[in-house]
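Q: Okay, handing you the structure first.
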Amino acid sequence: MFERRLFFHVDWLLLGAVLLLSGIGVAMIYSTTYVTLANGVGHPGPQVWTQLYAAALAILALIVCLVIDYRLLAEHSLMLFAALCVLLVFVLLKGSTQMGAQRWIPIGPFHLQPSEFGRLGVAMILAMYFGENRRGARNTSDLVIGGVFTVIPLLLIAKQPDLGTAVTLLPVFLGIAYLAGLRLRLLGILALCGVLVAPIAWKFGLKDYQRQRIQTFLDPQQDPRGAGYQTIQARITVGSGGLTGKGFRHGTQGQYKFLPVAHNDFIFSVLAEEQGFVGVLVVLGLYLFVILRSLEAARLAKDRIGAYLVGGIISGFAFQVIYNVTMSAGLAPVKGITLPLMSYGGSSLIAAMAGFGLILNVRMRRFTN
Amino acid sequence: MSNLMPDDRRGLGLRLSALQYIIAATFAALAVGFWVFQVAQHDKFAEMADNNHTRRLPLPAPRGVLLDRTGRVLVENRNIFNIALVREQTKNIDETLKLVAEATGADEAQLRETVERRRREPSYRPIVLIENATREQVIAVWARRWEMPGIIYQEVPSRKYPGTEAAHVFGYVGEITEAQLQRTDYEGIDSGAIVGQAGFEQQYNKLLMGTEGNKTVVVNSIGRELFELGKDEPREGTAVQLTIDGDIQKAIEDGFTASGFNGAAVVLDPNNGDVLGFTSRPAFDPNAFAGGIDKATWQELNTDDLKPLQDRALQGRYSPGSTFKMAVGLAGLEEGVITPNFTVNCAGGATFYGRRFACWKHGGHGAVNLKTAIEQSCDVYFYTVGNMLGIDRINKWATLLGLGQKSNIDLPNELVGLVPSTQWKAEHTREKKWYAGETISVAIGQGQVSVTPVSMAVYASTLANGGTRVTPHLLKAKYEGSGWQPVPPPPPQSKVDVSPEKLEAIRQGMWGVVNGGGTGGKARIDGKDVCGKTGTAQVISNAARLIAQARNRNIDYRDHGWFIFFAPRDHPTIAGVVFLEHGIHGPNAAAVAHHILATYFAKQDGKPLPPPPTHDDLHLEYKDPYARGGSPEGGGN
């Protein structure tokens, strides 16, 4: 299955950038979770070890996703999708609950978060669906079917509730549909519908805490110690970093926990605080490189399935990065959207790496038949 | 199959390119956003971050120690425990206060009031809920600390006073009031600070307060202190030496305690105004204030009929009675109205302006000259001299001797007594005109004359030193880094040269009071030539008293007893006054003064100090002559 010559077609540059971002993520987690004891000595937080184990698994997942021909995977995409949905249903029924949401399946010492794999499952089945039919996504009925494939896991995830992760499925769908020839006029209409539906969704679709999050985002001073707290603290964290940052392990906002669970959703704020604007530019540059390079892989793909698969995965990825970074600076409402590759969280890291495994896979196999 | 055809590829390529541009543009926008926050607005956010994690906490400074003139410690510092609330560390203040009240037995409503009063302060600044907490309270709170985050205990310096002794000299300390915060003399002092609220503590607050220190600490988001960034040590207030002599002070307190009477005493060095001892009875315990006084004690002190918080020495105004006679006698001599040999025949009373004025001795003193008149306290003699002088000349000399004036002692809230004059009557009464008949009562220290004990001490000093109205003062020296820096005594309030012979006549009389079988015999000390004069001041006229007592038996209408003194006669080094409130007779005051003088001279001579007197040692006279015969105006002895 894995021919030796394929090895030479691996995009080492992309792989290197991905690994580098993960490494920076671990370093930032190390820095912000470092525990200093009263006597001055300290030790890194337990999260660092968890993340390192996850990184090992993630690399393994990447290799698996690289080695198996993506077309073989695509052929089984329906089964994979079904498995995903089963897992998501299982989570709703039997998952473990943390912080008011039922998102995890405990497996031994690990907690698997199936929703993080939703984007891969959806990207796979949509790439297969739109790639296999000649019409692409020009046809409305195909779009509806593709939409159904997206909405099923989306609703299951939203039900946990984890609206943030659920929403990340949309860019996957839109990305693939777009590459598959979605009429731009239709996209415009969809956008218009979105604007029209928003007030109704506001009234009926959102929970109180979600509405409050958006409200306090718009005016964080309204409730500086409550709901607006994270937004304000995120801005302070980023702004106080300055040009060159406070230095590794010298961040005050993250270290002293003014920014809650900084190692998780706000890892980019920690980076901004400790490494400053310079660090921000470097990491943003790396992410941009990864995204643009992946889109090149889509361009080079031998078939539409490959191109759409890459497009779907990277659209979800790009959305996550952009949203998370914006939120890290307190410029978007706080949502549980992780920064792929860098945020603390095994499932998130594994899913992201597996995704890049697939992207590398597509690029690597551009010459095969 | 699904392999890409060239057409497909072109369309896909275009869309991919568009996507790439859009994403690149978005990233550029993000970079600009971060630039705005991190570079353009960095200063603002850096400050906000600092405010987040650094806290400047005040470190209270110990107040200056108070020593007596011989260097013995009178008031020192000790550490007490306060239980305080740090609001930023607590989620539910009401619930926390409820728990604190439960654990410590404190009044919940009062705790809430305390927090409410200081709600405008930064939320990281501790609000003291319970000052001077007991060991049990601290332990109770500590044991339940997990239930009430934000409750801390702090060890802070506080005052330690020697009980009620000299309480009115020291005064007390307490949290700065809202009104004081507005005043310029308290500028730079933050709310919550402990300042002097009475007595010496108030008068010299600035000197004693020291400089508050502070420490800057790094805290985490729940306000837990992580480590210290910097520290400004607090500077202890200036240590000061008082003019008080601890032994004299103790003798005064012991004398009062033995007598069982309330009142006041002020003992001075007549040569410079040093206050050697000073008391007002009943007293309070300033220690009760040092750690924040509880409501019940405060209420009790304020509603007590005997008014323990009132400083009788400075604020009590009483008739001087016969002690006033020296002022009249000296006025007569100095104004040339009489000579020491001027003689009056006392027949137990005399008639002036158609009204009869009785002498306390109904049988009369016979022929008396000035010395005998003072010695025997003959009323008729001074009626006569007073009548010859007129009120304004009496006023002039009483004022020069220190009566009817503020002593300007370095203690707050001194009140002024009154020696009437025609001008005073014209300005302050509806009647306006002074009647010569009124002068007769004034001449024996009755009528409108009123004096404070401290002014009587000045009066005794002025008679002792020959006319210098010294300013009583308590501050003797300050400790300035390297050593004690004496504080020069304040200049005298006035000075008049009394001719020595004339003064001698007065002194002879006063010597006779103590040593010649007069009313002050109880103050006699062998070889020390104590001079003095007793006085008995009616609280109410005899006739009125009979009626009033029948109506309300709880009010004390017994006469006040005075004794003013100085010694030794020829070169006095001590002068003062003992005032016994409702002490019945002047001689009772002389008995208390005796212990003070005996202690003073024993100490001066290097002899062992006399032991505290027992009640019996004083041989007090309790016979209450409320039904004295004759005119209600009859003067006491």
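The values are calculated or read from the model by the stated rules, or taken from the named source; none is laboratory data. These numbers come from a predicted model, not from an experiment. Positions of Cβ are generated from backbone atoms using ideal geometry, with glycine treated the same way; all protein chains shown enter the neighbour counts.
Q: Take A:Ile291 and decide whether it is of a type in the set (A, V, I, L, M, F, W, C), within 8 Å of chain B (Cβ to nearest Cβ) and not in a loop (DSSP other than H, G, I, E, B).
A: yes
Q: Where residues in the stretch B:34-59 are hydrophobic (A, V, I, L, M, F, W, C) and touching a strand residue (DSSP E or B) at 6+ places or on another chain (Cβ under 6 Å), which of them is nearest to the other protein chains (Cβ to nearest Cβ)?
A: If we take residues in the stretch B:34-59 being hydrophobic (A, V, I, L, M, F, W, C) and touching a strand residue (DSSP E or B) at 6+ places or on another chain (Cβ under 6 Å), then B:Leu57 is nearest to the other protein chains (Cβ to nearest Cβ).
Q: Pairs, please: C-beta under 9 Å, at least 6 apart or cross-chain, first residue of a type in the set (Asp, Glu) and in the stretch B:467-496, second part of a loop (DSSP other than H, G, I, E, B) and surrounded by 15 or more Cβ atoms within 10 Å (Cβ to Cβ)?
A: Hits for this filter: B:Glu480/B:Thr238.
Q: Which of the following residues is within 14 Å of chain B (Cβ to nearest Cβ), part of a loop (DSSP other than H, G, I, E, B) and at positive phi: A:Lys257, A:Lys246?
A: None of the others qualify; the one that does is A:Lys257.
Q: I'd like the full set of residues that are at the interface with another protein chain (Cβ under 10 Å from one of its Cβ atoms) and under 17 Å from B:Ile22 (Cβ atoms), limited to the stretch A:296-318.
A: Scanning the stretch A:296-318 gives A:Glu296, A:Ala298, A:Arg299, A:Val310, A:Gly311, A:Ile314, A:Ser315, A:Ala318.
Q: For the stretch B:193-250, how many residues are in contact with a Phe, Trp or Tyr (Cβ under 7 Å, 6 or more places away or on another chain), within 14 Å of chain A (Cβ to nearest Cβ) and of a type in the set (Ser, Thr, Tyr)?
A: Here the count works out to 1.
Q: Here is a follow-up. Tell me, which helices (runs of 4 or more DSSP H) lie completely within the stretch B:291-396 with 2 or more residues that are at pLDDT 95 or above and within 30 Å of the chain's Cα centre (by Cα)?
A: Those helices (runs of 4 or more DSSP H) span B:312-315, B:325-334.
Q: When residues of the stretch B:248-285 are filtered for being of a type in the set (Gly, Ala, Ser), closer than 17 Å to B:Leu609 by Cα and surrounded by fewer than 24 Cβ atoms within 10 Å (Cβ to Cβ), how many remain?
A: So the answer is 1.
Q: For the stretch A:260-275, give me each residue that is surrounded by 24 or more Cβ atoms within 10 Å (Cβ to Cβ) and either within 7 Å of chain B (Cβ to nearest Cβ) or in a loop (DSSP other than H, G, I, E, B) (or both).
A: Correct list: A:Ala262, A:His263, A:Asp265, A:Phe266, A:Ala272.
Q: Could you look through the stretch B:412-471, keep only residues that are assigned to a loop (DSSP other than H, G, I, E, B) and basic (Lys, Arg), and pick out the one that is farthest from the chain's Cα centre (by Cα)?
A: Selected residue: B:Lys433.
Q: Could you list, in sequence order, all residues of the stretch A:112-145 that are more than 14 Å from chain B (Cβ to nearest Cβ), over 22 Å from A:Gly357 (Cα atoms) and not polar (S, T, N, Q)?
A: A:Asp142, A:Leu143, A:Val144, A:Ile145
Q: Which one of A:Met342, A:Met353 is crowded, with 24+ Cβ neighbours inside 10 Å and under 19 Å from A:Gln230 (Cβ atoms)?
A: A:Met342
Q: I would also like to ask the following. Just for helices (runs of 4 or more DSSP H) wholly inside the stretch B:115-228: which have at least 3 residues that are at pLDDT 85 or above and over 18 Å from B:Phe81 (Cα atoms)?
A: B:167-170, B:178-182, B:199-203, B:205-209
Q: Here's something else I'd like to know. A:His76 fails exactly one of the following numbered conditions: (1) under 21 Å from the mean Cα position of the chain (by Cα); (2) free of Cβ contacts under 8 Å to residues at least 24 places away in the same chain; (3) surrounded by 12 or more Cβ atoms within 10 Å (Cβ to Cβ). What is the number of that condition?
A: Checking A:His76 against (1) under 21 Å from the mean Cα position of the chain (by Cα); (2) free of Cβ contacts under 8 Å to residues at least 24 places away in the same chain; (3) surrounded by 12 or more Cβ atoms within 10 Å (Cβ to Cβ), the one that fails is (1).
Q: Sticking with this structure for a sec: So which pairs qualify, if the first residue must be in the stretch A:191-210 and more than 14 Å from A:Leu170 (Cβ to Cβ), the second must be surrounded by 11 or more Cβ atoms within 10 Å (Cβ to Cβ), the Cβ gap must be under 7 Å, and the two must be at least 6 apart or on different chains?
A: So the pair list comes out as A:Trp202/A:Arg211; A:Gln210/A:Leu163.
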